[in-house]
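**Student:** Submitted below is the structure of interest, expressed as structure tokens.
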Amino acid sequence: MGDRQAARDARRAREFEAFVAGAAGRLLHAAMLLTAEAPDANPRARRLLTLALAHTYARWDRLRGEDPYDCARQYLATRFARTTWHRYNALGRARPDPRSPLAALAPRERLVLVLRFYEGVAEEQTAALLGLPVERVHSLCDRATADVLHPARPVAPRAANTGAAPS
């Protein structure tokens, strides 16, 4: 019985390693978009990825026909949503990198934008995943898209008055 269990564990480890080799890069990129961290300094994104992969590995034997990438992505999104709420509202930390094009967005807007456009998740699935009405997901996505495509420009300071009379 011990040999059979060892063989099953070895197969499970090989399958999971193959999954990680193929999916970790895309999941890390999604996590970096969510956290709006720079590619060279992304500890929160890496932590999100590690937690998502650990969760997926723990459920590996129970996935049976489900896509492990969907499981990891779902955990990544829900974990980000939970921890972001606590960090922004309660602790006031975990600010995004200002150089990121998604930094100006609220965390929920970033989450909806990443799920919808980067990951290609349908509006209905995104709504179900986040526990929001479809209309709310649609409006969050529209607003976030508009903010990314047409960012607010800072107001330029007025020129100093030179003493000349207006014409």
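**Student:** Mind checking which residues of the stretch 134-153 are more than 10 Å from Glu109 (Cα to Cα), at pLDDT 95 or above and surrounded by fewer than 16 Cβ atoms within 10 Å (Cβ to Cβ)?
**Tutor:** Matches in the stretch 134-153: Val134, Glu135, Arg136.
**Student:** May I ask you to list the residues in the stretch 15-45 that are modelled with pLDDT under 95 and charged (D, E, K, R)?
**Tutor:** Glu15, Glu37, Asp40, Arg44
**Student:** Identify, by number, the condition in (1) part of a helix (DSSP H, G or I); (2) of a type in the set (Val, Ile, Thr); (3) buried (at least 17 other Cβ atoms within 10 Å of the Cβ) that Val121 doesn't meet.
**Tutor:** Going through the list (1) part of a helix (DSSP H, G or I); (2) of a type in the set (Val, Ile, Thr); (3) buried (at least 17 other Cβ atoms within 10 Å of the Cβ), Val121 breaks only (1).
**Student:** Give Arg99, Arg73 a once-over and let me know the one that is open to solvent by 80 Å² or more (accessible area, probe 1.4 Å) and not β-branched (Val, Ile, Thr).
**Tutor:** Values: Arg73 fails: open to solvent by 80 Å² or more (accessible area, probe 1.4 Å).
Only one candidate qualifies: Arg99.
The values are calculated or read from the model by the stated rules, or taken from the named source; none is laboratory data. These numbers were taken from a predicted model, which means no experiment stands behind them. So basically every Cβ, Gly included, is an ideal-geometry build from the backbone, and we count neighbours across all protein chains shown. With ligands, DNA and RNA removed, areas are computed over all heavy atoms of the protein, side chains included. Shrake-Rupley method; radii C 1.70, N 1.55, O 1.52, S 1.80 Å.
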